[in-house]
Structures are given as C-alpha cells and as structure tokens.
1. Residue check, A:Ala785 against (1) more than 16 Å from RNA strand B (Cβ to nearest atom); (2) open to solvent by 70 Å² or more (accessible area, probe 1.4 Å), all met but one. Which one?
2. Suppose the filter is of a type in the set (Ser, Thr, Tyr), modelled with pLDDT of 90 or more and assigned to a loop (DSSP other than H, G, I, E, B); does A:Tyr23 pass it?
3. Of the residues A:Glu310, A:Glu385, A:Glu391, only one is touching a residue at least 60 places away in the same chain (Cβ under 8 Å) and open to solvent by 80 Å² or more (accessible area, probe 1.4 Å); which?
4. Given the options A:Ala731, A:Ala792, A:Ala817, name the one that is away from RNA strand B (no atom under 14 Å from the Cβ), modelled with pLDDT of 90 or more, touching a helix residue (DSSP H, G or I) at 6+ places or on another chain (Cβ under 9 Å) and among the small types (Gly, Ala, Ser).
5. Write out, first by first residue and then by second, each pair whose Cβ atoms fall under 9 Å of each other, whose residues are 6+ apart or on separate chains, and whose first residue, in region A:272-293, is more than 9 Å from RNA strand B (Cβ to nearest atom) while the second is assigned to a loop (DSSP other than H, G, I, E, B) and among the polar types (S, T, N, Q).
6. Any residue at all in region A:313-330 that is surrounded by fewer than 18 Cβ atoms within 10 Å (Cβ to Cβ) and within 16 Å of RNA strand B (Cβ to nearest atom)?
7. Report, by residue number, each residue of region A:72-101 that is over 24 Å from A:Glu467 (Cα atoms), open to solvent by less than 60 Å² (accessible area, probe 1.4 Å) and part of a helix (DSSP H, G or I).
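The values are calculated or read from the model by the stated rules, or taken from the named source; none is laboratory data. Predicted, not measured: the structure shown is a model, and the values here were computed from it. Here the Cβ is made from the backbone with ideal geometry for all residues, glycine too, and neighbour counts use every protein chain on show. Heavy atoms of the whole protein, side chains included, go into the accessibility calculation; ligands, DNA and RNA do not. Shrake-Rupley method; radii C 1.70, N 1.55, O 1.52, S 1.80 Å.
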Amino acid sequence: MDKRYDAKAAEAKWYPIWEKNGYFHDEPGHGSPYSVVIPPPNVTGILHMGHALNQTIQDVLVRWRRMCGFNTLWLPGTDHAGIATQNVVEKALKKEGKRRQDLGREAFVARVWEWKKQYGGTIVHQQRMLGNTTDWQRERFTLDEGCSKAVAKVFCQLYNEGLIYKGNYIVNWCPRCGTALANDEVEHEANHGHLWYVRYPVVGSEKGVRGEPYKDYVMVATTRPETLPGDTAVAVNPSDERYAHLVGKTVILPLTGREIPVISDVYVEKAFGTGIVKITPAHDPNDFLVGKRHGLEEINIMTDDAHMNELAGEKYCGMDRFECRKALVDDLEAGGFLDHVEDYDNQVGHCYRCHEVVESRLSKQWFVKMKPLAEPAIAAVKSGEVRFVPERWSKIYFNWMENIQDWCISRQLWWGHRIPAYYVRGNSSEEGAGNSEQVFVAETAEAALEMAKAKTGNVNLTLADLEQDPDVLDTWFSSWLWPFSTLGWPEKTADLDYYYPTTDLVTAQDIIFFWVARMMMAGIHFMGKPPFKNIVIHGIVRDAQGRKMSKSLGNSLDPLELIDAYSADALRFSLALITSLDCDTKVDKSKFEIGRNFCTKIWNAARFLEMNREATPQAEFGAASGPVQLSSDERHMLMACEKACEKVNDLLAKYRIQDGALAVYDFFWTQICDWYVEYAKDAPDKPTAFAILRDVFWKALRLLHPYMPFVTEEVAHQLGFLKDGETILRAEFPKGYTAEEKAAWGLDEEVYEYVEAKREMITALRALRAEYKVNPAAWVKVTIAAKDAATAERLSSEVASLKAAFRAESVEVLPGASELAMPGSLGRIGTVYLSLEGLVDKAAEAKRVAAELAKTQGFIKSIDAKLGNENFMAHAPAAIVEGQKTKRAELVAKIAQLEKLAKLFA
RNA sequence: GGGCUAUUAGCUCAGUUGGUUAGAGCGCUUCCUUGACAUGGAAGAGGUCAGUGGUUCGAAUCCACUAUAGCCCACCA
C-alpha cells in the first residue's frame, strides 16, 4: 500500500466501476423496496453546499439500506426551472442583441432545449463527484415526455373535477420577466420611501375651485401616488366615528375630476395615516378584495411592462411607473392637492429571480382550488400515515395547509409545460376566458379538436382553427408529481407498482410549502396514497457567521473545491458529522479537516494491518473457529464492535445521521486505533489478536461505507476483504455477532466493563507519569493494589499485556491495599502505584491527595444526603438507590486508601 | 400581528421518555518523533447548562414568565 492515500485516484477509479456495473440499479420484485426520489435541482444549477448536504444524507440512507438487503431506488433528475432557465437563455440572446420575441416562440424553445443539451448536464455530472448512488438509468427531467404526459393528464383531470379554473385575479407581476409570480416567489425587502398625504375634495361642498386649496376634503395617505388614476373609491373603517358622516358621500379624484364614493370597510386601519385609504382594485391585492366586496370598478392603468396606459390619462400614458409617480406628485402639488409628505419605511416586493419591483396586477390566470386537495393531505400527517422527522415540522405544515390559498399556476413564459387549453381561433384567450364554453381542455390538440367540433357543431374545424393557451405552467406543477410521474405514471408500470409510495423524502425546510406539501396533495389525489412515508427535514447550510450562503454575499463554499482539497469522503463525512436535523448547520473550511484526517487515519490503520499480514492467519475469524480462549482485551474489542454495529443501525433507523457518524468515528478511532491496535502490537497471542483486528476492521469499513464510500472500497480491496469484481457497496451491513459467537468467545457486559476499568487504570498511570514528569518512553515499576482477591488473580493472569500497556519493566499485583511509599491513583478495580524511586515531590503529592480526598468526601456527603432523604428512598427506582449505595461503598474504600497516602506524605 | 426554534467549555455543537461527579470536535497549555499515522500520540486547563420563579426525593432536561438571537407566514395604504 502507498504511504499516502490518493483520494482523487480512488474516486476516479471507483465511481465509473460502480456505475458501469449497475450497482446503483435494482429491478422491482425481489426483497423489500426502499425508494427515495431526489429533490430535483434546477437544470441551470450548479452544485452548492445545500445539495451536498441534502444528497449526502440521502446517499448515507440509501447505501445503508442497500447493504441491509433492501431493494433500493434513489431516483435522480433535474427540474426544468421555468423562469431560471428562460432567463439564462434570454441573457445569452441579449449578448447577440436579440430578444426572445425576435426568434419567435418555437425557435426560442428549441434554443432552450439546445442549451439544456449542452449545459444541462453540469449538475448531474457534479453529483457524481459526491459519490451519489443515484440510479442514473432512471434519470428523469420534469419536461421529458413522460413527465409532460403526466402534467397534461393531471391538468385535464383537475379541470374536469372543477378544481382548476381561470379567473380574473390580482397577481404579483414581474414587469421584467413579464409573468405572474406566486406569493412565495416574491421577496420582501425594506424600502425607504415616502407617504404622500393627498386631499380628495368632497363633492357637494360649496368651496373648491380647481387650482385653489379645497376647504372641504378628505385626506388620504398613500405610498403609491402613481396608482391614483386607478382609484375607484376611498375607504374608512366602519367604526371610525371621525369619518362616519362621510360614508356614502362622493369625493373628486384629483387631477381627473372623476367622482368616486366613500365606502367603509374593516380592512382600513383607523390608526394608520389619516385613517382614510384610497382604493385601487386593479393595483393592490387588498384593494382588490375590498373592490370585490363593494362591487367597485377595476381600472387597470398600467401595461405589462409597468408603463402607464391610456387609462392613466393622456399626460401620463407611456411613462414608466416611477417616472409617473414623480410627474403626478408634481401635478398634485401644483394643483394644491398635496398636503405634505412624510418619510416612510415599508416592505416592497421584489421578483426572486430578477429582483425587479413586483407590481400587483389584474390579469386572467389559471388557478388550482387547494382546499379540497389539502384536507386529505392534512389528515395523512395527522393520522401518522406520513411522518415528519423531526416531528415539529408537522406544525408548520399544518399551519400552512389550514390557511391554504388557491394556487396560481399559469406563467407567462415560453419555457415549460404549455397549458393544455385550446380556443377556437377568433375567440382569443382574452375574450374567451371566463366563458368555459369556448375553452377546450384536453391532453392533446386532437382531442381538443374533437371536443370543439362536438361543442360548436362545426365539423369542418381543423387543428389550424385551434389556438392553444399561450401560458405555461408553474414549474412546481410538474415537480408536485415527481414521486410518481418519474416512475411511469400515468402508465401502470412495474416500477410504479413496486416503488410507490417512496419511503423517505429528504429535503431542507425551505421547500416544505413549495414542494413537499404539494407532493402530498398530488400523491393522495392521483395515486390514492401519500407519496412517501417519512419526510426528513434537515437544516440549511450557513457560513461561519450564521448567514445563508449566497452568491451576492460571496460566502459560498464550493463543494467541488472542497472535494478537490479534502476529498469527497471528507466532505461527506464532515457534513454528516456536523449536521443536526434539528437546526441549521454552520460551516467553514476548517470543518472538513475532520473528514480528511479521518480518511488518513483509516488509511494508516489499514497500512498497519497490511504490514502485519503475515502475523494474521489466512482463515477469517468467525464462529467456525470454535470456542477459543480470548484475552479480556480481545473480548472487549469484539464487544465494542458489537455495540458499534447495534448503535449505528439503531441511529440510522432514527435518521440520526450525525450520531451515527460520531459512533462509527469513535469506534474506529478510539476503540480500534487508540486501544486495540496498541494492544495487538504486544498481544500474547498475535495470530488471534490480528485475526480479531481484521474482523472488526472489515466490519468497521462496512459501517463507515455509507459515509465514506471511496476510501472504504479502496481499503477493502487493498486488504483483500474483497476480490476483484466484488464491491463493498453490496456487502452486508454489519449486524453484530450471533448468540453462538458471543457464547463461544465469552462476550458479555462484565468483561466489557472490566476492560473499561482496566483502561482507567492505564490512563491513571499515564497521568501519574505526566505529573511526575517521567519520560513516557521510560520503563517503570508498577504495583497494583487490586480491589479484591478475584480481581488480583485476574490482573495477575494478564501481567504480560499490562506490562506492555503500562510500559513497565515489572508489574506486581497485590490483593487489597497496602502501605506503599509511592504515588498512586485509584480506579474502579484497584489502585495503581508508580515506583518513582526518590522522584516524588512529597509536598505536591500531599496536595494532590488532599484535593482528591476533599472531592471524594464532598461526593460522599451528597450521596449520604440522598440516601438519608426519606422521599428519595420512597420514590427513586430501586436500581438508582442500589447504584448510589454501591458507589458509596467504593468511595469509602477510596477514602481509606487516600488517607493512608496522605499520612505517607504528611 | 400569527407561528416556530434556539440560548450548555474560547468556538461549533451532543446530551432520546427527569436519575450516578454534564460530553465530543476544534482551539489552548505541557510533554512525546526507534516502522500505521505529527492530517499523529499522551496528559491537562476550561462550564453556578441565558435569567427568575414553579413542579419533583431529584431539573441542562418538564411548566410559566423575562431577556437575547434567529427563522417562517401574513403584512398598514
């Protein structure tokens, strides 16, 4: 074996072998299924730390289940990401001086496909660098043929069920992207703006000539004066006595002369501004609702790109909205309508994609009625059929689901699933919308044509007479079908039958609403079963200061750079180790040294084994070797291995990835390397000691494999645990030893505890050496005062290995305490004395003993207090009481010895 | 405004139904390079578990309030 582990070589070597041999691929049928669908990253995406964390967790779970014998499927794929992808291509076009309109829809979409073909594989390639065992043979894309078919079918079914409707609605509109945005696609940011106080003259008042201040007016406060031409009322709170007399009257809309009513609505806050609000139903979501309640006219005064239209008035028509704001304010002031201006900070919505200020805009959009879909999805979590891990996320899920709003699913883009709604030409979508008689919703144009013929009675209609709705569907309209569309739905496939519902869904908290909740609804509605059994939510990766990683902050770590610097195994292991499901994870570069160092440790330990190959019998260690007389250290090693296997399996079953990593780390490093390897070097029966070492090492490699796939595969082959053509990926995950093996080797808690206690003694002696500045390499004389005769006998039988562990030229074991003029240190099974032959600093030792004595006496006191407490004796469990008593007895013995020592140093 | 979470060693975090003297990694101090490993080994210092009150024989753990920090949802024109 090479002196250094070459991670890059191992990664480059093994991944292609795994993939080529189909190790990630199972066919439905045999065994129990364990299936997971990957949260599909945007096809435009590049791998970031969030992916690395999310996918590491999934790969750990999948590899573990696979090794446990499950029939596993981890289904990969990408999302077509409507706006994001279209933006990327539009940017490229811009460099050529073109807009998408110059190409036309068909050519533009072709261009996006071209882009996808060329660059869309980036993230898919990068995922391989992580070592993911996603089944690439089943890779899907949300816009591929199968997924598109599913989308069309779902749309039609929901439409026919009356759950999809087209409606006039106020939506968040990005003027730059030219599309509606979902509420969650709008990011609110603090804005330093103004509050303009504007006078609206009351009709019927005698005073008031244009150009002069009106005496009788209502004062309205607004942050958006440019929408004034769209006002169709002013409103006050019904309980506001100040203005009760105004309700029902009419006021004049400044600059326009139009008369609008004063209405009352609970939406108005009495305390804000003047307590009077202008109502602009076409340009504000709240005003829109007020308008609906009061039957107000909706006047849209802007164009799609946020310029004023002719309804804004001749003067402002064509102006940009912010330009118009200025002009209009100037005019208000000139007209004497502007009372005063205040500074005002509020939140303004921005497009999550291009950051343009979002406009509330009235438009016709397609919606999904969510309430009927949400109800069974709530029930599935309430009943426990689907479980959130950690459980508390279910509260957030309920909170959202119970207040769910209809989902605006149309987007004015070209890249995406086009809405399968058709109109007979001449009845354009604008005119025809809202009149369902003229909309034909069908999975194909041909089917729509048949419907049109039947409905209109015009048998001469051809496809050319049909016009498809120009809008495409929200990206999430395909992702919410992901758990079954990717398995072949709506076809009845073997995959769908076998792998649905999937087992676990692993994702971050930020898409619980976007994605998880909607998948729940779609799964239940179309498949009759929730799409997964467990929803595993992990935290977000943050930088060292706790900030979200983002491009604009420049605080992102690049997983590929980390893989380059530390190796994929290091990245994976460190992420697993520092990640808690319960909270976000703070990460900085130094964290990955843990993983890298661990890799090195594994490699070096493997080299040690390799160097001692000749000391190891060829035959593997196992029950077949029959009853053997094993030393206590060997039995302890096997017990530790047993415990580690049990622990790791148990923790992974509870999705405690972090604790599992810690458990296997500690097992390998502390138990195997720090203790057992040192023991094995001087073991009385080397062949047996090394046979055991090989056995536990091979188990440890398999325990580690889900976390560190490359180094474990490489080492397993180097050490001959696997032959060419075999893989650790499909080796059995260790389950611990059988009852027969345990009996044959005398594995029990007692021997485990005994060795633990013995190690305390070894540690104590090392501490003594350090305290008296005895060279760690020097050979010393050691005396042990054993707790009792039996322990003395037991210790005597292992003097050889104790000598090695203590680095002692002699070890004398005496039953019970004795008068020894040496420094000593107490453990559970006795006191270990170090002969210093005159090196002892009596004063220092006396101090140390006194301190120990005081501490011990203090502890006894606290135990006595407990044992003397009637309530404690009455209520505490018997085991606790017994434990306290035993502890006390030990401490009393310890005090006796310490007192003897104290006298010696006095 | 509604909801959720956190506060434990200098730093990042464990601590699973309340139960022996609260743990790990990093960092820090001291010591150690003759063949697994200095990306290492050994020893050590460091915490009144945010605060107050309550429940209990017993609280880092359960409850209430307070303080601080963070996240999500809805947002006042």
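1. Every listed condition holds for A:Ala785 apart from (2).
2. Working: of a type in the set (Ser, Thr, Tyr): yes; modelled with pLDDT of 90 or more: yes; assigned to a loop (DSSP other than H, G, I, E, B): yes.
Yes.
3. Only one candidate qualifies: A:Glu385.
4. On the way: A:Ala792 fails: touching a helix residue (DSSP H, G or I) at 6+ places or on another chain (Cβ under 9 Å); A:Ala817 fails: modelled with pLDDT of 90 or more.
Exactly one of A:Ala731, A:Ala792, A:Ala817 is away from RNA strand B (no atom under 14 Å from the Cβ), modelled with pLDDT of 90 or more, touching a helix residue (DSSP H, G or I) at 6+ places or on another chain (Cβ under 9 Å) and among the small types (Gly, Ala, Ser), namely A:Ala731.
5. Within 9 Å, the pairs are A:Pro281/A:Thr232; A:Ala282/A:Thr232; A:Ala282/A:Asn300; A:His283/A:Asn300; A:Phe288/A:Thr280; A:Gly291/A:Thr232; A:Gly291/A:Thr280.
6. Among the residues of region A:313-330, at least one is surrounded by fewer than 18 Cβ atoms within 10 Å (Cβ to Cβ) and within 16 Å of RNA strand B (Cβ to nearest atom), which makes the answer yes.
7. Matches in region A:72-101: A:Ala84, A:Thr85, A:Asn87, A:Val88, A:Val89, A:Glu90, A:Ala92, A:Leu93.
Yes/no per residue for (1) assigned to a helix (DSSP H, G or I); (2) touching a strand residue (DSSP E or B) at 6+ places or on another chain (Cβ under 7 Å); (3) of a type in the set (D, E, K, R):
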| site | (1), (2), (3) |
| --- | --- |
| A:Ala680 | yes, no, no |
| A:Val696 | yes, no, no |
| A:Lys723 | no, no, yes |
| A:Leu729 | yes, no, no |
| A:Lys742 | yes, no, yes |
